[in-house]
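Novice: Pasting a structure below so you can have a look.
FYI, it's all coordinate maths here, none of it is from the lab. Note that the structure is a prediction, hence the values are computed from the model and not measured. Note that each Cβ is placed from the backbone with ideal geometry, even for glycine, and that neighbours are counted across all protein chains shown.
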Amino acid sequence: MPSLSFDARTHLLVLTGAGASAESGIPTYRGVTVEEGLNETDRERLSTLHGLLDEPARFWRVFSGRRAKLLEAQPNAGHRALAALEEQLGDRFLLVTQNIDGLHQLAGSKRVIELHGNLLRTRCTRCRRPAFADIRQYERPPVCEICQAEGRANDPHDQPWLRPDVVLFGENLAPKDLERIEAFLERGARERLVYLAVGTSGLVYPAAELVQQAHRAGAETFLVNLEPAVNSDAFDHFIQGKAGEVLPELLATSA
Ligand code: NAD
């Protein structure tokens, strides 16, 4: 295994994807299809806002099932190794996750950017009420009570549905998150920068481009993944294996 060493100047930017939670029992993007009996077309359609607007009952059935799964999940050794390292690095550590499961925070990580949101929060598709913590599983698609009270739910064909507070396909990421990553890379570039991607296929943008951004900032780059990712070649080091097995060793030997 290549060695990853840290000194007092090292800044570590981490990107995690669905593979980081696979050992916690949460299926990866591809695994979801198999588990939920969805074909590729359904899976993609139900990952968009149109999926919700066209088939709200089906959309919420699928997302409620995913919520139920999250509520049973616990962080694994990979999540814990990252949280332990953050304790040592403090502000020289930043964790960017594509996962919507909240498991990094449950393991104790604090400096976390949830690039794609969090499935255990809900917001309205219509009004600007802030997202709220929500673990409910809905048998019927939920309508926003505020919009209802204010008369915006009168048209049965155009309901103000509630939606999970996650970034669906075709939606933009929060600019403030991208700025925070940029600022971290700039700070790290002035000292020493390491970039580590874990459990991510390299197919979802713009997260998949972070490795190039990190390289431009002078980072040494590592990928830990069960299988080669589509962008494995963009990394200086590729460590093939399970996050829960590789990370405790890779991060403990070095900190
Ligand atoms: P992906 O599902 O496209 O790819 C996961 C990658 O992880 C694969 O390359 C696989 O080889 C690897 N992997 C599987 N098990 C692993 C393990 N134990 N250790 C290390 N690697 C492992 O995931 P992605 O690149 O994150 O993109 C999927 C999209 O779907 C993201 O946008 C994400 O928001 C969403 N998603 C999130 C969750 C979650 O929150 N846990 C789960 C499924 C999908």
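Novice: For labels at residue 140 and residue 9 in the simple 7 Å Cα→Cβ model, what's the distance in nm?
Specialist: Here the modelled spin labels are 6.4 nm apart.
Novice: Running a GNM on the chain with Cα contacts under 10 Å, which residue among 132, 184, 63 ends up with the highest mean-square fluctuation?
Specialist: 132
Novice: Roughly how many debye, to the nearest 20, is the charge dipole of segment 6-152 about its Cα centre, given +1 on each Lys and Arg Cβ, -1 on each Asp and Glu Cβ, and no other charges?
Specialist: For this selection, approximately 400 debye.
Novice: Still on this model: Of 233, 155, 177, which is the most mobile in a GNM of the chain whose springs link Cα atoms less than 10 angstrom apart?
Specialist: Checking each option, the largest mean-square fluctuation is seen for 155.
Novice: Would you mind checking which residues have amide H under 5 Å from residue 113's amide H? H placed 1.01 Å from N; only 5 or more apart, or other chain.
Specialist: Residues meeting the amide H criterion: 95, 96, 97.
Novice: While we're looking at this one, here's another question. Of the beta bridges DSSP finds with both residues in the chain, what % are antiparallel, to the nearest 5?
Specialist: Details: 8 of 32 bridges.
Of those bridges, close to 25 percent are antiparallel.
Novice: How far apart, in nm, are two points set 7 Å out from the Cα along the Cα-to-Cβ line at residue 204 and at residue 133?
Specialist: Placing both labels 7 Å along Cα→Cβ, they lie 2.3 nm apart.
Novice: In addition: I want the local charge near residue 98. Using Cβ-Cβ distances under 13 Å, sum +1 for each Lys or Arg and -1 for each Asp or Glu among the other residues.
Specialist: -4
Novice: Shifting gears a bit: Report the full-extension gain for the segment residue 55 to residue 43: residue separation times 0.36 nm, less the Cα-Cα distance, to one decimal in nm.
Specialist: Residue separation times 0.36 nm, minus the Cα-Cα distance, leaves 3.1 nm.
Novice: I've got another one for you. Taking the Cα centre of segment 127-255 as origin, work out the dipole magnitude from +1 charges on Lys and Arg Cβ and -1 charges on Asp and Glu Cβ, in debye rounded to 20.
Specialist: 280
Novice: Could you pull out which residues in segment 211-244 have an amide N less than 12 Å from a spot 7 Å beyond the Cα of residue 30, following the Cα-Cβ vector?
Specialist: Flagged as within label range: 226-230.
Novice: Follow-up. For an R0 of 45 angstrom, estimate the FRET efficiency from the Cβ-Cβ distance between residue 182 and residue 154 and round to the nearest 0.05.
Specialist: On the way: r = 44 Å, r/R0 = 0.98.
The calculated FRET efficiency here is 0.55.
Novice: Grab the other residues whose beta carbon is less than 10 angstrom from that of residue 224, score K and R as +1, D and E as -1, and report the net.
Specialist: Around residue 224, the surrounding residues sum to 0.
Novice: Could you check the simple spin-label distance between residue 88 and residue 172, using points 7 Å along Cα→Cβ, in nm with one decimal?
Specialist: About 4.0 nm separates the two model spin labels.
Novice: Let's see if you can work this out: charge +1 on each Lys and Arg Cβ, -1 on each Asp and Glu Cβ, no other charges. What is the dipole magnitude of the chain about its Cα centre, in debye to the nearest 20?
Specialist: That gives the chain a dipole magnitude of about 600 debye.
Novice: Separate question: Averaged over every viewing direction, what's the projected area of the C-alpha convex hull for segment 82-126? Give it in nm², one decimal, please.
Specialist: Approximately 3.5 nm², given one-decimal rounding.
Novice: Let me ask another. Take the chain, connect every pair of alpha-carbon atoms lying under 10 Å apart with a spring to form a Gaussian network, then pick out the residue of 57, 207, 77 with the largest mean-square fluctuation.
Specialist: Answer for the Gaussian network model of the chain: 57.
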